[in-house]
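Participant: A single structure is presented below for examination.
The values are calculated or read from the model by the stated rules, or taken from the named source; none is laboratory data. Note that the coordinates shown come from a computational prediction; the quantities given were computed from them, not determined experimentally. Reconstructed Cβ throughout: ideal geometry from the backbone, glycine too, with neighbour counts over all protein chains shown. SASA here: full protein model, heavy atoms, side chains in, ligands and nucleic acids out. Shrake-Rupley method; radii C 1.70, N 1.55, O 1.52, S 1.80 Å.
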Amino acid sequence: MSADIDLKACTILERLSAELSDATVDYCCTQDLHEFQITRAGVKHEVGFMERVLELRDIPDIEHVVNRLVEEIKASTQPRRIRIGNNG
């Protein structure tokens, strides 16, 4: 994993933690997936970014996606599993 991808994953973690201050955000990285588990008001959400998304996108683009995800999570009362960059 490159330092650039590490920085982008850290940016996502920091943004999710800051915007969802009433939630617990955990991070796990597997070979091709950077996964963020968010527990908010007893509801668990999983948000995964495929490695290639972090390779190909710039931080401002990623932050824009994270902002949309935060709004979806805040509005959701059901568990969500979201994958960014999964075409199949």
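Participant: Length gain on complete extension for the stretch K44 to N86, per 0.36 nm per residue less the alpha carbon to alpha carbon distance?
Facilitator: Values: separation 42, 0.36 × 42 = 15.12 nm, distance 2.01 nm.
Between K44 and N86, full extension yields 13.1 nm more.
Participant: Same structure again: Where does the chain land on Rg(C-alpha)/(2.2 N^0.38 Å)?
Facilitator: Working: Rg = 12.2 Å, N = 88, 2.2 N^0.38 = 12.1 Å.
Working it through for the chain, the quotient is 1.01.
Participant: Can you check what the net charge comes to around H45, using other residues whose Cβ is under 14 Å from the Cβ of H45 (Lys, Arg +1; Asp, Glu -1)? Spell out each step's value before the answer.
Facilitator: Values: positive: R40, K44, R68, K74, R80, R81, R83; negative: E19, D22, D26, E35, E46, E71, E72.
That sum, taken over residues with Cβ under 14 Å, equals 0.
Participant: For helix 59-75, what angle does its Cα long axis make with the longest principal axis of the chain, in degrees from 0 to 90 and rounded to 10?
Facilitator: 20
Participant: How much of the accessible area of the range 1-75, in percent, comes from carbon and sulfur atoms when a 1.4 Å probe is used? Numbers along the way, then the final one.
Facilitator: Working: 2010 of 4210 Å².
Looking at the range 1-75 in its full context, I get 48 percent from C and S.
Participant: Round to the nearest 10 and give me the degree value, 0 to 90, for the angle of helix 3-19's Cα axis relative to the longest principal axis of the chain.
Facilitator: Helix 3-19 and the main axis of the chain meet at about 10 degrees.
Participant: Something else about it: Calculate the dipole size of the range 1-57 relative to its Cα centre from +1 charges on Lys and Arg beta carbons and -1 charges on Asp and Glu beta carbons; express the result in debye to the nearest 20.
Facilitator: Values: 6 positive and 11 negative charges, 32 e Å.
It comes to approximately 160 debye.
Participant: Right, here's the next one. Can you work out the Karplus-derived ³J(HN,Hα) for every residue in the range 47-53? Use 6.51 cos²θ - 1.76 cosθ + 1.60 with θ = phi - 60°, whole Hz, and x for glycine or proline.
Facilitator: 10, x, 10, 5, 3, 5, 5
Participant: Using the heavy atoms of the protein chains and a 1.4 angstrom probe, tell me the accessible area per residue for the chain in square angstrom.
Facilitator: Details: 5270 Å² over 88 residues.
Per residue, the chain has 60 Å² of solvent-accessible surface.
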